[in-house]
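Reading through the structure tokens given below for one structure.
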Amino acid sequence: MAQDAPNTVFLAGDEAGLYLQATTCHVWSPTGQTPIVRADPGRAKTNFYGALNLHSGQEVAMRSDLMNAEISAHYLEMILETNPNVPIILFWDRAPWHRGKPIDKVLEEHSRLEIIFFPTASPDLNPQEHVWKAVRKEVSHKHLETRLPELADRFLNKLNSSTFNDTFLDRYGYTAICPMFN
């Protein structure tokens with residue numbers, strides 16, 4: 001089992017959608033002058049798969065217009081390529097596209113990958129949710145992009161070029177007990 005190996009990579013994964021519509025947190029304007037906030041009437045959307053390395057804070061992200069078991073399996077292959085020759089434990093939610101024959105096939109072909117599912121309806125446990133929030137705050141809140149592909153490129157670049165620290169392993173005792181077994 002990957003849990004028994006000292007060089008195991010622990011990842012927390014999730015998906016998020018991105019619309020061109022900017023979100024506003026706070027809007028300031030002079031008294032008596034109503035601010036104008038541009039709205040995109042379209043419903044164009046793109047999605048991102050992301051997995052946070054719980055030791056290093058590095059992100060492995062991928063953009064996709066679809067979310068289904070085939071795309072999820074492709075993303076698992078990307079995670080495996082990014083972390084070669086080491087055991088991987090991926091904490092994932094119970095989304096329907098995280099199950100099915102394509103996922104089973106990847107797990108059968110790569111015994112070094114294990115998936116541990118978060119409890120149902122518990123996004124507050126998933127460290128990847130904090131990554132989405134941080135990147136949205138920096139990239140997609142109050143943006144001026146007029147085209148979704150450019151906004152999506154900025155979003156993906158921020159994900160893959162930043163480090164996101166999290167205390168998940170500390171909170172659940174891993175970093176305290178792991179040295180005892182080395």
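Every read-out reported here was derived from the displayed coordinates using simple, explicitly stated rules and does not represent laboratory data. Model, not experiment: these values are computed from the prediction. Cβ sites come from the backbone with ideal geometry, for glycine too, and all protein chains shown count toward neighbours.
A few remarks follow.
- Hits among aspartates and glutamates - C-alpha to C-alpha of LYS101 under 16 Å, sequence gap 8 or more where chains match: GLU70, GLU77, GLU109, GLU114
- Sorting GLU15, GLU81 by the number of Cβ atoms found within 10 Å of their own Cβ, with the fewest placed first, yields GLU81, GLU15.
- For region 77-174: relative contact order, % (alpha-carbon pairs under 8 angstrom, 6 or more apart): 23
- Residue order, fewest to most beta carbons within 10 Å, for TRP92, TRP97: TRP97, TRP92
- Debye intensity ratio in log₁₀ form over the Cα atoms of region 73-148, taken at each q of 0.16, 0.18 Å⁻¹: -0.75, -0.87
- Alpha-carbon centroids, region 46-61 and region 117-161: separation in whole Å: 10
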